[in-house]
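Right, one structure below, let's go through it.
The values are calculated or read from the model by the stated rules, or taken from the named source; none is laboratory data. Source: prediction; values computed, not measured. Using ideal geometry, Cβ is built from the backbone for each residue, glycine included, and neighbour counts are taken over all protein chains shown. Heads up: the accessible areas ignore ligands, DNA and RNA and are worked out on the full protein's heavy atoms, side chains in. Shrake-Rupley method; radii C 1.70, N 1.55, O 1.52, S 1.80 Å.
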Amino acid sequence: MTPAPIAAPIDGLHHITAISGPAQENLDLYTTRLDTRLIKKTVNFDAPQMYHLYYGAQDARPGSVLTFFNRETTARGQAGTGAAQAFAYAVAPEALERWQARLGGTRFARFGAEGLALQDPHGQAFEIIATQAQSVWGEFHSATLWLADPVPTARILTEVFGYSFAGEERGADGTRSRFQLPGDAPGRTLDIWRSDRPVQARPGPGTIHHIAFRARDVAHQQALREALLACGEQVTEVKDRQYFKAIYFREPGGVLFEIATDGPGFAVDEPMAHLGEALKLPAQYEPRRTELEASLPALVTR
Ligand code: ZN
């Protein structure tokens, strides 16, 4: 790989997309129990018989957006090497006890911060980590990639995305390396986990499909795309995802990375005050609305 010119650093995480089991159970956890907001109810653009539910902070800001391809199945995937393993919400230190009382979970200490390790009803690992930098509930603290060899991925993070190596911690069953972006954007931290007992990741409910980094606009995204191409990465053309423009590539460790723009944002097809209330379909599926509405399970917002 030839060193690429560094584009302006990315602005932290934009969104994280995971695969869940039945949509109603997914909705109940992330809205009623975790207090994030349902900010978009749409379908998987590549498989419209399946919901694609988006959750986030009240204002649907980038860096808080967690989305699920909702499969109506009890099957499970397998977290493991070659995929993102967990995402973490940021919380003010004094709120951690309250979340533990509400959700249970296991306390941990990592890089000098307290955290709570949890699992959602479909097996997805997630964390709540105490930090002074948290500003609104729903913002991400970090994501963790599970990799066999962190070196090629770390080069992309540091040479193209603008991350700096921020330390390494040896745990009971593996090693965690931390990378951080300058500034205070939500989700500016990315961890790479190397397990002493590796298992291969298998996609399915309870696993993360991809993680999306944040470009401030299409020019920033284009500069990042060119820098990645110069590194020899196979990057897609720009895709219109209705709420943002997206490019994708599979990073050297096997994780699907996306770079998404802030604009046009989630209020592009419904008012900010009513995000997530109606089923939103992209133009190509509007003619099939009646059929799709009949086949998707009814969802109860509690
Ligand atoms: Zn995405």
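Being within 23 Å of Ala246 (Cα to Cα) and either part of a strand (DSSP E or B) or of a type in the set (Ser, Thr, Tyr) (or both): is that true of Ala212 here? Yes; evaluated as a whole, the condition is true for this residue. Residues in segment 213-231: is at least one open to solvent by less than 20 Å² (accessible area, probe 1.4 Å), touching a residue at least 40 places away in the same chain (Cβ under 8 Å) and closer than 30 Å to Gln24 by Cβ? No, the conditions are met nowhere in segment 213-231. Checked against (1) closer than 26 Å to Pro186 by Cα; (2) open to solvent by 10 Å² or more (accessible area, probe 1.4 Å), Ala75 passes all but condition (1).
For Ala101, indicate whether it is open to solvent by 20 Å² or more (accessible area, probe 1.4 Å) and part of a loop (DSSP other than H, G, I, E, B). When the stated conditions are applied, Ala101 does not pass them. For Phe69, the stated conditions hold: it is under 25 Å from Pro252 (Cα atoms), open to solvent by 20 Å² or more (accessible area, probe 1.4 Å) and within 16 Å of the ligand (Cβ to nearest atom).
Of the residues making up segment 146-163, those that are in a helix (DSSP H, G or I) and under 18 Å from Gly187 (Cα atoms) are Thr153, Ala154, Ile156, Leu157, Thr158. Going by the conditions given, is Ala60 hydrophobic (A, V, I, L, M, F, W, C), touching a Phe, Trp or Tyr at 6+ places or on another chain (Cβ under 7 Å) and outside any strand (DSSP E or B)? Against the criterion (hydrophobic (A, V, I, L, M, F, W, C), touching a Phe, Trp or Tyr at 6+ places or on another chain (Cβ under 7 Å) and outside any strand (DSSP E or B)), Ala60 qualifies. Each residue in segment 230-248 was checked for being out of contact with any strand residue (DSSP E or B) (no Cβ under 6 Å at 6 or more places or on another chain) and either under 16 Å from Ile10 (Cα atoms) or within 16 Å of the ligand (Cβ to nearest atom) (or both), and 5 pass. Restricting attention to segment 92-141, the residues being touching a Leu at 6+ places or on another chain (Cβ under 8 Å) and among the polar types (S, T, N, Q) number 2. Among the residues of segment 130-137, is there at least one that is in a strand (DSSP E or B) and within 30 Å of Leu224 (Cα to Cα)? Scanning segment 130-137, I find no residue that is in a strand (DSSP E or B) and within 30 Å of Leu224 (Cα to Cα), so the answer is no.
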